[in-house]
Amino acid sequence: MDDRQIGLARQGDAIAIAQLIQRAILNPTIQVSTLRQSGDLQVLLESSRLPDRQLARIVYATLLGLGSPAIQSLRVSGKQGEQTVWTQKFLLKDVLPNDGGATASNPVKRDRVALTPPLTAAPSRFPTLHPKTSQFLLPTLLTSFLAGAGLGYLAQRQAHSQIPKGQAQDQTEVAAPTSARIALTPDLAARQSPVSAAPAALPAATEPVQSPEPASLASLIISIKAVGDIVPGTNYPGDRLPADGGQWLFDGVKPYFAGADILFGNFESTLTDYPYSAKDISQGMTFAFRTPPAFANVLKDVGFNVLSVANNHSFDFSDQGFADTIAHIEQTGMKAIGQKGKISYLTVKGVPIAFIGFSYLPDHNWMLDLDEARALVDEAKKQAQVVVISVHAGAEGSDAMNTPDRSEQFFGEDRGNSVLFAHAMIDQGASLVLGHGPHVPRSLELYKSRLIAYSLGNFIGYRTLSSQGVLGNSMILQADLNSEGRFVGGKVIPVLLDANGVPYVDDSFRSVSFVRNLIESDFPVTPLLIDDAGTLIINEAK
């Protein structure tokens with residue numbers, strides 16, 4: 001691509017822009033087509049295999065770097081075969097600063113922001129490409145420079161908070177944040193983590209901090225990331241399974257699992273081929289989920305280490321389905337928790353850690369029997385320095401956002417007192433309590449220097465769990481603990497679910513504001529703050 005074609009692209013020529021994007025995404029198997037209607041540019045990424053959602057950010061960054069005054073908004077879609085599967089919208093109007101930084105002819109003021117290539121493993125000032133012949137080197141570098149310039153400018157303006165981010169959820173434009181926030185980027189410092197992660201699509205706004213080898217256990221930090229309810233599709237009573245084995249379901253969030261020493265989720269389905277459901281789904285509000293056993297490998301490949309099976313869907317296909325689910329999870333090397341009387345152990349950085357799964361049902365470790373629960377914690381402490389509790393409890397739905405300090409009733413069931421239970425577990429010596437069940441995020445609480453998450457919300461419910469309204473608010477919770485289990489820091493990474501219940505990281509940060517409001521209303525005296533970037537801060541003044 002020569003200077004003339006770059007000039008045409010900057011003027012808004014759709015064909016020249018398509019050629020520019022084709023070079024920027026570095027994937028010849030993806031066909032790029034563009035359509036410009038006035039100030040709106042539509043970009044279609046099409047391939048026999050579904051293009052990664054993260055490529056939408058590369059397209060966005062390329063357009064930012066191009067600095068075309070002819071384009072005010074951008075829509076990027078991923079298409080596989082005949083089906084357009086995802087669409088993301090971005091606003092480009094008025095994103096160029098007037099402070100002497102970027103202009104149409106000078107996309108980024110390079111003495112302020114280092115350029116970071118979108119798809120390389122290590123940061124560098126300019127993207128490093130390796131074309132097969134030297135005749136393509138200069139135009140390819142120029143294209144990559146524009147993408148890198150846009151990425152660098154994204155980091156600059158996110159750090160200075162003068163200009164809103166542009167990402168919105170599928171088919172819906174989202175109001176941009178106006179307060180200072182750190183760029184939502186995967187933790188590049190954590191690539192040595194046992195959790196696998198895809199390369200980051202955006203550069204970090206700040207220099208990643210490498211974790212040094214601890215001089216002693218006192219300085220050691222264990223990072224646990226946790227998500228809520230997971231139903232990656234069902235084949236009962238009809239086929240509601242994702243195409244291609246569901247490998248793509250976590251594409252929008254997988255990079256943000258990086259840095260986790262342990263990745264936890266609540267698996268709210270069954271992994272079985274058993275044909276007979278234990279539920280009469282002809283009744284209203286009665287559902288049975290059955291996911292093919294092969295999906296255990298999908299969850300393992302994403303990076304999960306521990307999955308709770310203590311919930312109200314674990315026996316959807318009777319005892320056989322429950323036993324199959326545990327077997328298929330553990331055959332992959334993951335831990336399944338929630339079986340009655342069971343404590344699971346693993347070791348991280350030399351620290352033994354125990355996980356115990358509870359629910360409001362007596363078929364699992366039963367949260368309503370506090371004496372039994374305390375005894376399990378005591379038993380776990382004999383072998384583990386850190387004890388993590390998972391609990392499925394509370395009423396469900398958009399009316400169940402708040403966390404009452406009393407027993408909750410839902411459809412005639414006693415769903416337990418989450419506050420009473422969590423406090424009792426920490427009083428007994430537990431280090432972290434991870435709640436799920438209400439299908440919406442709930443408040444966080446810091447109790448005796450231990451973190452409690454009362455509900456992590458839905459995380460993935462492919463064509464099964466509702467994602468309407470607040471039911472679509474979700475998060476990846478990061479809890480950093482010392483070797484004694486004391487909370488030392490963390491973060492709420494905001495997530496939204498699209499219309500099909502598929503998660504993607506939300507640059508509008510609505511879950512951060514959502515959880516902050518719940519902390520203020522439900523636990524106003526807890527010594528925990530959450531800033532605009534989602535960082536959890538211990539408030540020493542309380």
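Quick note: the coordinates plus some simple rules give every number you see, no bench work behind them. Computed from a predicted structure; not experimentally measured. Ideal geometry is used to build each Cβ from the backbone, glycine not excepted, and the neighbour counts take in all protein chains shown.
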Residue exposure sequence - Thr403, Thr87, Thr332 - by fewest surrounding Cβ within 10 Å
Thr332, Thr87, Thr403
Cross-link partners among aspartates and glutamates for Lys225, C-alpha distance below 13 Å, same-chain residues fewer than 8 apart left out?
Asp187, Asp261, Asp480
Measuring from centroid to centroid over Cα atoms, what is the spacing of region 512-542 and region 401-478 in Å?
16
Of Lys279/Lys300; Lys79/Lys300; Lys279/Lys381; Lys300/Lys381, which pairs sit farther than 31 Å apart, going by alpha carbon to alpha carbon?
Lys279/Lys381
Burial ranking of peptide ranges 513-519, 350-356, 229-235 (average Cβ count within 10 Å, highest at the top):
229-235, 350-356, 513-519
I'd like to compare 285-296, 256-267: which one has the highest average count of other Cβ atoms within 10 Å, and what's the full order after that?
256-267, 285-296
Of the chymotrypsin sites (Phe, Trp or Tyr not before Pro) in region 369-445, those whose Cβ has at most 15 other Cβ within 10 Å and which sit in DSSP loop
Phe411
If packing is taken as the average count of other Cβ atoms within 10 Å, what order do 428-439, 71-82, 501-512 fall into, highest mean first?
428-439, 501-512, 71-82
What are the equivalent ellipsoid semi-axes of region 494-542, built from the alpha-carbon gyration tensor (square roots of five times its eigenvalues), in whole angstrom, biggest first?
26, 11, 7
Per the Kirkwood formula on distinct C-alpha pairs, the Rh of region 400-448 is how many angstrom?
11.7
May I ask you to sort Val492, Val387 by Cβ crowding, counting other Cβ atoms within 10 Å and putting the fewest first?
Val492, Val387
Out of every Cα-Cα pair in region 217-538, what percent are more than 24 Å apart?
48
Using r as the Cβ-Cβ distance of Phe411 and Lys349, and R0 as 51 Å, what FRET efficiency do you calculate, to the nearest 0.05?
0.75
Projected label distance in nm at Asp371 and Gln320, using a 7 Å step from Cα toward the beta-carbon
3.7
